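Just so it is clear, none of the values below were taken in a lab; they were calculated from the coordinates. The shown structure was predicted, so the numbers you read here are calculated from the model rather than taken from an experiment. Note that each Cβ is placed from the backbone with ideal geometry, even for glycine, and that neighbours are counted across all protein chains shown.
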Amino acid sequence: MKCCAVIDTNVVISAILTKREDSATVKVINAVLSGMITPLYHKDILAEYEEVMHRPKFHLPEEKIQIIINSIKEYGIEVFPTPTGEILIDMDDLIFYEVAMEKRDSGAYLVTGNQKHYPIRDFIVTPSEMMEILGNMKL
């Protein structure tokens, strides 16, 4: 079974940088690449992915960056959210929240390693929780 999810930048970066292939962040990205998770995105989300992945401290090869961006575009759904008026700790995170909110009727999730940046909502989950949800959906 498939589900839709907005993948926060911290999950993407963590998946790329980890040495552990069994980490929850890697599993989330693999679920995107295998089609189990349909990524939801907006041009501002893609711009943030690009900006963060190009930071010199990460030393990421351009090819790897483009594979991630192109995969999100190819397998994902572009969303044009309605403003929610929500005030977040880090307003740069608002687009992630609003894209997820726009597709809540479809059961969309927001997968993040920084839950404290968002309001407490049952659809805002950690990478581990997302993998548990996917596991339960297969039953």
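Positive end of the dipole of the chain (Cβ unit charges, origin at the Cα centre): among L17, G135, P81, the Cα lying farthest that way belongs to G135. The phi-based Karplus calculation (6.51 cos²θ - 1.76 cosθ + 1.60; θ = phi - 60°) puts the 3J(HN,Hα) values of region 53-59 at 5, 7, 4, x, 5, 8, 6 Hz, whole numbers, x for Gly and Pro.
Among G76, G85, G35, the largest mean-square fluctuation in a Gaussian network model of the chain, built with springs joining Cα atoms closer than 10 Å, belongs to G85.
With only Lys, Arg, Asp and Glu charged, each at its Cβ (+1 for the first two, -1 for the last two), find how big the charge dipole of the chain is about the Cα centre; round to the nearest 20 debye.
Working: 14 positive and 21 negative charges, 90 e Å.
Using only the charged Cβ atoms, the result is roughly 440 debye.
Summarising the amide proton neighbourhood of Y109: residues at separation of 5 or more, or on other chains, whose placed amide H is nearer than 5 Å comprise C4, A5, V6. From the cross-link list K64/K103; K19/K64; K64/K116; K2/K116; K43/K73, which pairs have alpha carbons spaced over 18 Å apart? Flagged as over cut-off: K64/K103; K64/K116; K2/K116. Rounded to the nearest 20 debye, the dipole size of region 42-118 about its Cα centre is 240 debye, using +1 on the Cβ of Lys and Arg and -1 on the Cβ of Asp and Glu.
By the equivalent-ellipsoid construction on the alpha carbon gyration tensor, region 3-137 comes out with semi-axes of 21, 18, 14 Å, ordered largest to smallest.
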